[in-house]
Amino acid sequence: MADDSGRLDDKAIGQAAGTQATAKPDGVVRIGWKRDDVPVTVDGMKFPPPAGLGSWAAFKALPEGGVMVMGDTVVFEDEITPAMDAAFAHGLDITALHNHFVFDRPPVYFMHIGGHGRNAESLAEGVKAMWDAIKQVRKKHPVPQERFPGDVPDITGKYNTKTLEKILDAEGSLNGQVLKFTFGRSARMHGVEFGASMGLSTWAAFSGNEKQAVVDGDFAMTA
């Protein structure tokens with residue numbers, strides 16, 4: 001919670017987050033986690049964690065009451081889903097997921113978080129849950145995994161097309177061995193209307209066979 005001056009209790013935030021918290025002169029309270037648990041190379045060079053492998057979260061009291069949090073969390077590929085699940089379960093938003101480097105091994109991603117709450121402690125608990133989920137992945141597999149668990153589907157190009165078309169209420173198109181469904185959208189930008197032919201569409205592409213397949217796609221959504 002914030003005191004009468006609007007400043008947050010860094011000790012309470014640190015306790016909720018399970019790590020040391022630091023109060024800044026402007027009233028922001030920050031926590032951090034240096035990712036030195038997994039060795040990383042970039043273009044063949046051993047990459048030191050202080051050069052850009054730090055997770056952090058910053059808390060600030062809002063004038064109208066409540067608290068906001070913003071942050072950035074370093075994730076390896078097999079940590080992405082558990083970290084997202086934990087963040088969503090605790091009311092945090094994922095505002096971006098991207099990379100900083102090329103030729104990095106293992107691949108490193110950065111997950112931006114944001115959120116608002118009545119108190120900083122509950123937000124800090126959410127960040128802790130997210131970081132704890134990552135630590136559990138590394139406890140089980142010290143070396144980041146290079147693929148999802150489970151079997152890899154054989155790509156035959158044979159699917160239960162009619163069933164999928166009924167479920168998705170749309171007609172699919174078979175291109176090679178891939179079955180794709182496309183849902184066009186329309187919008188205006190700078191006064192100009194555009195749609196699916198300019199890339200504004202939701203789509204899903206199925207690869208595999210009638211018993212086992214993978215799907216990838218894109219969702220076009222309004223803010």
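Under Stokes-Einstein, with the Kirkwood radius over Cα pairs standing in for Rh, what whole-number D in µm²/s applies to segment 110-222 at 20 °C and 1.002 mPa s? D = 117 µm²/s.
Among the listed pairs Lys11/Lys34; Lys24/Lys128; Lys60/Lys140, give every one whose C-alpha distance is greater than 27 Å. Those over the limit are Lys60/Lys140. Coupling constants for segment 161-174 follow from the phi torsions by the Karplus curve (6.51 cos²θ - 1.76 cosθ + 1.60, θ = phi - 60°), and in residue order they are 4, 4, 5, 5, 5, 5, 5, 8, 6, 7, 8, x, 10, 9 Hz; glycine and proline get x. Taking the Cβ-Cβ separation of His112 and Glu64 as r and a Förster radius of 25 Å, what is the calculated FRET efficiency to the nearest 0.05? According to the calculation, E is roughly 0.60.
If you compute P(r) over Cα pairs in 10 Å bins from 0, in percent for the structure shown, which of (i) 7, 26, 25, 16, 10, 7, 4, 2, 1, 1, 0, 0; (ii) 7, 24, 24, 24, 16, 5, 0; (iii) 8, 35, 40, 16, 1 do you land on? Of the listed options (i) 7, 26, 25, 16, 10, 7, 4, 2, 1, 1, 0, 0; (ii) 7, 24, 24, 24, 16, 5, 0; (iii) 8, 35, 40, 16, 1, (ii) comes from this structure. Going from the residue with the fewest nearby Cβ atoms within 10 Å to the one with the most, Leu53, Leu174 rank Leu174, Leu53. Compute the FRET efficiency between Phe148 and Asn209 as 1/(1 + (r/R0)^6), taking r as their Cβ-Cβ distance and R0 = 25 Å, and round to the nearest 0.05. My answer for the efficiency is 0.90. Taking the convex hull of the alpha carbon positions in segment 10-140 and averaging its projected area over all directions gives 7.9 nm². Please state, to two decimals, what the Cα-based radius of gyration of segment 161-218 comes to when divided by 2.2 N^0.38 Å (N = residues). Working it through for segment 161-218, the quotient is 1.33. Could you work out how far apart the two model spin labels at Thr19 and Lys46 are, taking each label as a point 7 Å from the Cα in the direction of the beta carbon, and quote it in nm? Distance between label points: 2.3 nm.
The H on the amide N of Thr41, modeled in the peptide plane, is under 5 Å from the matching H of Phe47, Arg105, each at least 5 residues off or on a different chain. Note on Phe183 and Asp85: the model spin-label points, each 7 Å out from Cα along the C-beta direction, lie 2.5 nm apart. By the count of other C-beta atoms within 10 Å, a proxy for reagent exposure, Phe47, Phe194, Phe206, Phe103 are ordered fewest to most as Phe103, Phe194, Phe47, Phe206.
Read-outs throughout are calculated quantities, based only on the coordinates presented, and are distinct from any laboratory measurement. Since this is a predicted model, take the numbers as computed values, not measurements. Every residue, glycine as well, gets a Cβ built from its backbone with ideal geometry; the counts of neighbours run over all protein chains shown.
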